[in-house]
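Notes follow the structure.
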Amino acid sequence: MSPLPSQTEQMRVFTDCFDEFPVGALRFDYTAVGEYHCLDFPPLPGGWTETTNHTSWGRLGNWQIVEDGGRKVMQQARLREHGMPMLAAGDVRWCDYELRAQVRLLSRNTEAGVMVRYVNNRTHYSVRLDGAGRARLIRREHELKTVLAEAQWQPDFERYHELRVALAGRSVRVLLDGKAVFELEDAGLGAGRI
């Protein structure tokens, strides 16, 4: 494993605490026009984009900003049978970086997680935590979904968990609440957004 850059070598290039968003549902076109990305929609604050859409979703949004403990948080509003709701931000040229996110599951029947080296909704790494206590690192390349690592974890539905994903060359390191969950090498995806 290659070492991660020291604190003095790291530079913050993106941060968002969702303060610029109004409280409520994010607006997006869930019609066929929106599904095939035929129209350019005004960017959301922070450069966020909802990257997945399915006409079966109707007009109900997937994401909403809510206030929790005096701060604004992004919350996935609905579970979907077809497709996985995704938000992406950043630059497709990002290679070596560390993503830190506070995630919370709301029940045993939900999943929470992040994407890194996101190229499009069919090509990315994802770290998924489910309410049954399973943590997975998955590489998706179009139809091929490869579980690179899997471990058990103890979800606490009453609090946020700190999820960190560090990428340096082929090295992928995942920490949950400060403890290493996965450390591995994978040459599948070299760059992408969060």
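The values are calculated or read from the model by the stated rules, or taken from the named source; none is laboratory data. From a predicted model like this one, the values you see are computed outputs, not experimental measurements. Every residue, glycine as well, gets a Cβ built from its backbone with ideal geometry; the counts of neighbours run over all protein chains shown. Only protein heavy atoms, including side chains, enter the accessible area calculation; ligands, DNA and RNA are left aside. Shrake-Rupley method; radii C 1.70, N 1.55, O 1.52, S 1.80 Å.
Taking the stretch 120-157 as the range and being in a loop (DSSP other than H, G, I, E, B), surrounded by 13 or more Cβ atoms within 10 Å (Cβ to Cβ) and touching a residue at least 40 places away in the same chain (Cβ under 8 Å) as the test, the residues that pass are 121, 155.
Quick check: anything in the stretch 84-106 modelled with pLDDT under 90 and touching a His at 6+ places or on another chain (Cβ under 8 Å)? No: the stretch 84-106 contains no residue that is modelled with pLDDT under 90 and touching a His at 6+ places or on another chain (Cβ under 8 Å). Residue-level check: of (1) modelled with pLDDT under 85; (2) in contact with a helix residue (DSSP H, G or I) (Cβ under 7 Å, 6 or more places away or on another chain), residue 13 misses just (2). Here is a check on your reading of the model: is residue 28 on the phi < 0 side of the Ramachandran plot and at pLDDT 65 or above? So residue 28 fits the description; yes.
Listed here are the residues, each with its yes/no results for (1) open to solvent by 10 Å² or more (accessible area, probe 1.4 Å); (2) closer than 18 Å to residue 166 by Cα; (3) β-branched (Val, Ile, Thr).
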site	(1), (2), (3)
90	yes, yes, no
100	yes, yes, no
104	yes, no, no
109	yes, no, no
114	yes, yes, yes
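None of 129, 137, 176, 184 is farther than 23 Å from residue 74 by Cβ and of a type in the set (A, V, I, L, M) except 184. Look at residue 160 and say whether it is under 27 Å from residue 50 (Cβ atoms), open to solvent by 50 Å² or more (accessible area, probe 1.4 Å) and in contact (Cβ under 8 Å) with a residue 40 or more places away in the chain. Against the criterion (under 27 Å from residue 50 (Cβ atoms), open to solvent by 50 Å² or more (accessible area, probe 1.4 Å) and in contact (Cβ under 8 Å) with a residue 40 or more places away in the chain), residue 160 qualifies.
Of the residues making up the stretch 113-123, those that are over 8 Å from the mean Cα position of the chain (by Cα) and on the phi < 0 side of the Ramachandran plot are 118, 119, 120, 121, 122, 123. Across the stretch 59-83, which residue is nearest to residue 17 (Cα to Cα) among those that are at pLDDT below 85 and open to solvent by less than 30 Å² (accessible area, probe 1.4 Å)? Step by step, filter the stretch 59-83, then rank; the result is 62. When the stretch 163-194 is filtered for residues that are open to solvent by 10 Å² or more (accessible area, probe 1.4 Å) and of a type in the set (A, V, I, L, M), the ones remaining, listed by number, are 168, 175, 176, 180, 181, 184, 187, 189, 191, 194.
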